[in-house]
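Just below is one structure, and these are the notes that go with it.
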Amino acid sequence: VQLQASGGGLVQAGGSLRLSCAASGRTISSYTMGWFRQAPGKEREFVAQISRSGSSTAYADSGKGRFAVSRDSANNTVCLQMNSLKPEDTAVYYCAADRTYGSLNRRGIGIDYWGKGTLVTVSS
């Protein structure tokens, strides 16, 4: 499966962005889908994941209550709605797909497929 993330940009603190991850080559229902991010000088970290059916989601503590992950099977797309953005959310965000039925590795180790990142910059 090929993944293409989009929707990043520059936003002021308190604003919102919606990231999209378009998949091609295979249906996203075959994968647990996730979002990770990597800030300058920091390690990659887990942001959110959604199960194959879309019935189960999980979030890093940093995004709970502010971020929402969803999947659109008709368009083979996964989205990450980010609200109340903070400067510390500034990072390159990556879409991921994995054949696991469980939790994604929180450091992204062993993930089957990655998309190219999209940069999110939150100004204070």
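Values in this text are rule-based calculations from the coordinates and carry no lab data. Bear in mind that the values here come from a model prediction, so they are computed numbers and not experimental data. Please note: Cβ atoms are built from the backbone with ideal geometry, for glycine as well, and neighbour counts cover all protein chains shown.
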Let me know the charge dipole size of the chain about its Cα centre in debye, to the nearest 20, where only the beta-carbon of Lys, Arg (+1) and Asp, Glu (-1) is charged.
80 debye
Relative counts (whole %) of C-alpha pair distances in the chain, using bins that are 5 Å wide
2, 13, 24, 27, 20, 10, 4, 1
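Around Thr121, what is the net charge, scoring Lys/Arg as +1 and Asp/Glu as -1 over all other residues with Cβ under 13 Å from its Cβ? List each step's numbers first, then the result.
Numbers: positive: Arg37, Lys86; negative: Glu88, Asp89.
Residues near Thr121 contribute 0 overall.
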Segment 104-124 versus segment 27-79: alpha-carbon centroid distance in Å
9 Å
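Can you tell me the alpha carbon radius of gyration of segment 41-83 divided by the globular rule-of-thumb value 2.2 N^0.38 Å? Show your work: numbers first, answer last.
Numbers: Rg = 11.4 Å, N = 43, 2.2 N^0.38 = 9.2 Å.
Cα Rg divided by the expected 2.2 N^0.38 Å: 1.24.
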Please compute the length gained on full extension between Ser103 and Leu10, using 0.36 nm multiplied by the number of residues separating them and subtracting their Cα-Cα distance.
30.5 nm
With Cβ to Cβ distances under 14 Å as the rule, what net charge do the other residues near Ser29 carry (K, R +1; D, E -1)?
+2
In segment 34-89, what GluC sites (Glu not before Pro) fall in a loop by DSSP, with at most 15 other Cβ atoms inside 10 Å?
Glu43
Report the extension gain between Arg66 and Thr27 in nm, rounded to one decimal, defined as 0.36 nm multiplied by the number of residues separating them, less their alpha carbon distance.
11.3 nm
In whole Hz, with x marking every Gly and Pro, tabulate ³J(HN,Hα) for segment 31-41 from phi via Karplus 6.51 cos²θ - 1.76 cosθ + 1.60, θ = phi - 60°.
9, 7, 10, x, 10, 10, 9, 9, 8, x, x
